[in-house]
Amino acid sequence: MAIATIDRAPTAVPTELARGRGGGGPASKRIVVAYGFWIFILGDMVMFSALFAAFAVLRGNTAGGPTGAELFNLRNVFIETMCLLLSSYTCGLGALSAERRHPGRFLMFAAVTFVLGAAFLVIEATEFAGMVAKGAGPSRSAFLSAFFTLVGTHGVHVAGGLIALIYLAAQVIAKGLQAAVLRRLLCWSLFWHALDIVWVGVFTLVYLMGAP
Amino acid sequence: MSDRLFEDRTPGVEEHEPTASYLSYTVGLVLAILATIVSFVVAQTNLLWPPGIPVGLIVLAFAQIGVHLVFFLHLGTGPDSTNNILALAFGVLIVFLVITGSVWIIANLNSNMMPMTAQ
């Protein structure tokens, strides 16, 4: 082992091993693009943190209206959570299939991801519509305003993700799994997994801590 | 990662072979589902000492977020993750400041309010 180490000149070190630690030359475009998108996601997280803070502050201000315990159906929330978790999983499997250049398998996993994401949105929209019909719309109390803003913003992100997924699937069909498309897929999967992380915060803070 | 320095690299192996694997996603899914189920059970039963339930839920949420970061977003100890982790650390700092700062300040204002009669 020691001899092997000496035999290898420092220049023979594969550059990707030194990257990110101040040496080894510029990182590949894939790494740089993912880093930039990661910064965007963190910015999005900061925005969500403001909404979480608003909800945490306003959760008790029900103005005599219904409280979370009266409105939330934890069984639905559990199903929503499972939809998002499984869609994160299939999204990851789709990303792997794409990296291994299996467009057919990728499209199948993308379809499953889309269906699970859409199921989540349908359940959430039904829940919102039911609450509004009961007179518990966003204008009823500060608690409900904060609730609809926080959960609704997450839902809008999921809807945006689904639209982007259709767009990406069309690109994979039209252009094939070329490098640029793979980078977009990588960014999309980062976005989708990040939404799942936000949802962990939502179901814990809003639903589980508000229900009992 | 760094022991790959001393490995023989097979010719023809791609420079960027995928680091993630089906196994990693599956392990992540199982752990995440486990954390979710435990959260829902803890919230709806008295398995945990009732005043400690919020703390337990927050701990479980952080555990699940960690699982997501490692197994789904693949933040690890590899050199390509270094910058992402630094950025994440900064993001976590800002998120922490915004949330605890708001809750702390408003709770303080609230307790200094003039007592109001219930309408």
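A few comments on the model shown:
- Residue B:118 falls short of the stated requirement of being in a loop (DSSP other than H, G, I, E, B), facing chain A (nearest Cβ under 7 Å) and at pLDDT below 90.
- Residue count, the range B:77-119 (criterion: touching a residue at least 24 places away in the same chain (Cβ under 8 Å) and surrounded by 15 or more Cβ atoms within 10 Å (Cβ to Cβ)): 2
- Scope the range A:167-207; condition within 12 Å of chain B (Cβ to nearest Cβ) and farther than 23 Å from residue A:44 by Cβ; matching residues: A:179
Listed here are the residues, each with its yes/no results for (1) in contact (Cβ under 8 Å) with a residue 12 or more places away in the chain; (2) among the basic types (Lys, Arg); (3) part of a helix (DSSP H, G or I).
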{"position": "A:119", "(1), (2), (3)": "yes, no, yes"}
{"position": "A:130", "(1), (2), (3)": "no, no, yes"}
{"position": "A:136", "(1), (2), (3)": "yes, no, no"}
{"position": "A:149", "(1), (2), (3)": "yes, no, yes"}
{"position": "A:170", "(1), (2), (3)": "no, no, yes"}
{"position": "A:195", "(1), (2), (3)": "yes, no, yes"}
{"position": "A:202", "(1), (2), (3)": "yes, no, yes"}
{"position": "A:205", "(1), (2), (3)": "yes, no, yes"}
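- Residue in the range B:11-31 that is at pLDDT 95 or above, surrounded by 10 or more Cβ atoms within 10 Å (Cβ to Cβ) and within 7 Å of chain A (Cβ to nearest Cβ) present: yes
- None of A:121, A:86 is facing chain B (nearest Cβ under 9 Å) and surrounded by fewer than 21 Cβ atoms within 10 Å (Cβ to Cβ) except A:86.
One line per residue, one yes/no per condition, for (1) at pLDDT below 95; (2) more than 27 Å from residue A:179 (Cα to Cα); (3) away from chain B (no Cβ under 12 Å):
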position: A:59; (1), (2), (3): yes, yes, no
position: A:67; (1), (2), (3): yes, yes, yes
position: A:72; (1), (2), (3): yes, yes, no
position: A:157; (1), (2), (3): no, no, yes
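- Per-region count, the range A:163-186, residues closer than 19 Å to residue A:84 by Cα and either touching a strand residue (DSSP E or B) at 6+ places or on another chain (Cβ under 6 Å) or surrounded by fewer than 19 Cβ atoms within 10 Å (Cβ to Cβ) (or both): 4
- Considered as a group, the residues in the range B:34-75 that are assigned to a loop (DSSP other than H, G, I, E, B), more than 8 Å from chain A (Cβ to nearest Cβ) and free of Cβ contacts under 8 Å to residues at least 40 places away in the same chain include one that is nearest to residue A:41 (Cα to Cα), and that residue is B:75.
- Per-region count, the range B:60-76, residues β-branched (Val, Ile, Thr) and buried (at least 17 other Cβ atoms within 10 Å of the Cβ): 2
The values are calculated or read from the model by the stated rules, or taken from the named source; none is laboratory data. The structure presented is a predicted model; accordingly, all values stated were derived computationally and were not measured. Note that we place each Cβ from the backbone using ideal geometry, even for glycine, and neighbour counts take in every protein chain shown.
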